[in-house]
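Okay, so here's the structure we're looking at.
The values are calculated or read from the model by the stated rules, or taken from the named source; none is laboratory data. If you're wondering where the values come from, they're calculated on a predicted model, not measured in any experiment. Positions of Cβ are backbone-derived with ideal geometry, glycine not excepted, and every protein chain shown enters the neighbour counts. Note: areas computed on protein heavy atoms with side chains; ligands, DNA, RNA excluded. Shrake-Rupley method; radii C 1.70, N 1.55, O 1.52, S 1.80 Å.
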Amino acid sequence: MRWWDIEPVLELEHELFPEDAWSAGMFWSELAHARGPGATRHYVVAETPQGRLVGYAGLAAAGDLGDVQTIAAAPDQWGTGLGARLLTDLLRAATDFECAEVLLEVRVDNTRAQKLYARFGFEPIGFRRGYYQPGNVDALVMRLSDPAHSVPVDGPVQGETTHG
């Protein structure tokens, strides 16, 4: 993800997460830590051959711990494997950052995402009450030990491109 991706990312962000969408400032802050020798973030977007942004994902790394910050796929991409490819990219980045484990929070009402994470070996370890505001929705906390050995997924679908 680069600065010029922020506007289309925000459009998708607001479509998918209308109550608790990230702000432009939050994405700018994350991208500020995604380049250079001291980078602690990895962000990627997926686009159609026509250049339409259809997904994005981000990971933060601190020491040997990775944290999935965000992952999203446009509704017309659900069921195509895009979410799995984005997650695979994040787990490869976690391995590059030498993370021993990866954590994430997912809405308790987002069973589609929970199933995706479980396929990759993430296990539930707890809850964060009222984590998603202003809707006061709880988050399920999940952990993946040893991301270097997570379920492998093939690369992008023919005609789809991703870039960091």
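Structural remarks
- Gap separating the Cα centres of the range 46-64 and the range 1-40, nearest whole Å: 10 Å
- Solvent-accessible surface of the chain, taken per residue with a 1.4 Å probe and all protein chains present: 52 Å².
- Take residue 67: with every protein chain present and a 1.4 Å probe, its accessible area is about 40 Å².
- Note that the chain, at 25 °C in a medium of 0.890 mPa s, gets a Stokes-Einstein diffusion coefficient of 153 µm²/s from its Kirkwood radius over C-alpha pairs.
- Heavy-atom accessible area, probed at 1.4 angstrom with all protein chains present, ranks 127, 120, 17 as 127, 17, 120, highest first.
- When exposed loop sites are taken as GluC sites (Glu not before Pro) in a DSSP loop with at most 14 other Cβ atoms within 10 Å, the longest stretch of the chain clear of them is 20-97.
- Area accessible to solvent at residue 145, 1.4 Å probe radius, in Å²: 70 Å²
- Space enclosed by the convex hull of the alpha-carbon atoms of the range 1-65, per residue, Å³: 100 Å³
- Taking a sphere under 13 Å around the Cβ of residue 8 and counting the other residues whose Cβ falls inside, with K and R at +1 and D and E at -1, yields a net charge of -4.
- Relative contact order of the range 1-87: 22 percent, from C-alpha pairs under 8 Å at least 6 residues apart in sequence.
- Heavy-atom accessible area with a 1.4 Å probe sorts 109, 96, largest first, into 96, 109.
- Positive minus negative residues near residue 60 (Lys, Arg vs Asp, Glu; Cβ under 11 Å): -1
- At the residue level, residue 125 shows approximately 80 square angstrom of accessible surface with a 1.4 angstrom probe and all protein chains present.
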